[in-house]
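What follows is a set of notes on a single structure, which appears directly below.
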Amino acid sequence: MKNKYLSVAALALSTFLFVGCDDEDIKDFFPKPSDGDSKNWDIINFEMYKTGFLTEVKSSNGTGPIMVNAMRRQSNGTYANGNHAMIFNTHTPTGDDTDLFTGIHHPQGYDLSKVLIINQDMNSTPNDNQYGGTMTLDFSSMGTVTLHELTALDIDKYENMSYVRLYGANNRMLLEKKLMNMGNNSVQVVDLGNTSGVMRLEVTLDGTNNGMPAGSGAIDNIKFMKD
Ligand SMILES: [Ca+2]
Ligand SMILES: [Ca+2]
Ligand SMILES: [Ca+2]
């Protein structure tokens, strides 16, 4: 008898749960992955690298190499010679770049750990260049790739000419996306529209601050797939 009462109670409870849990509730509980997130994107997150200069990276799966270059703009608006692509640790900012901090107590709760910056000089201490420039990732060793998204850090109000641009064969521009100006330490995930046929990704940090060229910030978590 005891068992029978229990099974009746269980049936009543399951009926209650079934009735009380309509489709909307189920959707809320299991949020749908955004378009493309169900695919196995390769991700460049820079976590396998120490702080310092670098000229190529691999994805966290070892896909690559992807050639990396950073052109540094100078205070007079011209570009310096040399590749200034630098790995920066956002947990322990160097070069007075606390606006590139992420981790515990980040205002939006992001932890990007290692990111890519344009260094302000050729010294080995990571130090973000305040006058802007262009970071380039060249995927052409793999033929072409599809770009899903990237994450940008610390794009300030006065850096309002900052763009992500994707290029394919014959240097044709396939996508141009303006970065949002969200201020110090801000993190934004930039949708790259699952653009295929990409050979090169360029991120240009550009603006004007008190009459001087401006553009600082970092990139991370570039999600792509070989075509
Ligand atoms: Ca700095
Ligand atoms: Ca990272
Ligand atoms: Ca800043």
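The values are calculated or read from the model by the stated rules, or taken from the named source; none is laboratory data. All of these numbers come straight from a predicted model, not from anything done at the bench. All Cβ positions, even for glycine, are placed from backbone atoms using ideal geometry, and neighbour counts span all protein chains on display. The area values use the complete protein model at the heavy-atom level, side chains included, leaving out ligands, DNA and RNA. Shrake-Rupley method; radii C 1.70, N 1.55, O 1.52, S 1.80 Å.
In table form, for the structure just shown:
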| read-out | value |
| --- | --- |
| Residues of the range 147-201 satisfying the condition of being open to solvent by less than 50 Å² (accessible area, probe 1.4 Å) and part of a loop (DSSP other than H, G, I, E, B) | Asp154, Ile155, Asp156, Glu159, Ser162, Gly168, Leu179, Gly183, Asn185, Ser186 |
| Residues (in contact (Cβ under 8 Å) with a residue 40 or more places away in the chain and either in contact with a His (Cβ under 9 Å, 6 or more places away or on another chain) or over 20 Å from Met48 (Cβ atoms) (or both)) located in the range 102-113 | Thr102, His106, Pro107, Gln108, Leu112, Ser113 |
| Whichever residue in the range 61-85 is in contact with a Gly (Cβ under 7 Å, 6 or more places away or on another chain) and aliphatic (A, V, I, L, M) and, among such residues, is least open to solvent (accessible area, probe 1.4 Å) | Ala70 |
| Neighbours by Cβ (under 6 Å, 6+ apart or cross-chain): first from the range 65-93, assigned by TED's automatic domain parsing to the domain that holds Met122; second of a type in the set (Lys, Arg) and part of a strand (DSSP E or B) | Tyr79/Arg73; Ala80/Arg72; His84/Arg72; Ile87/Lys114; Asn89/Lys114 |
| Lone unmet requirement of (1) surrounded by fewer than 16 Cβ atoms within 10 Å (Cβ to Cβ); (2) within 30 Å of Met173 (Cα to Cα) for Thr98 | (2) |
| Selection count, the range 84-100, where residues are in contact with a helix residue (DSSP H, G or I) (Cβ under 8 Å, 6 or more places away or on another chain) and in a strand (DSSP E or B) | 1 |
| Cβ pairs under 6 Å, 6+ apart, first in the range 190-203 and assigned by TED's automatic domain parsing to the domain that holds Ala218 and under 11 Å from Val145 (Cβ atoms), second open to solvent by 50 Å² or more (accessible area, probe 1.4 Å) and of a type in the set (S, T, N, Q) | Met199/Ser140 |
| Checklist (1) under 15 Å from Val203 (Cβ atoms); (2) part of a loop (DSSP other than H, G, I, E, B) applied to His105, failing item | (1) |
| The range 202-226, residues that are open to solvent by 10 Å² or more (accessible area, probe 1.4 Å) and β-branched (Val, Ile, Thr) | Thr204, Thr208 |
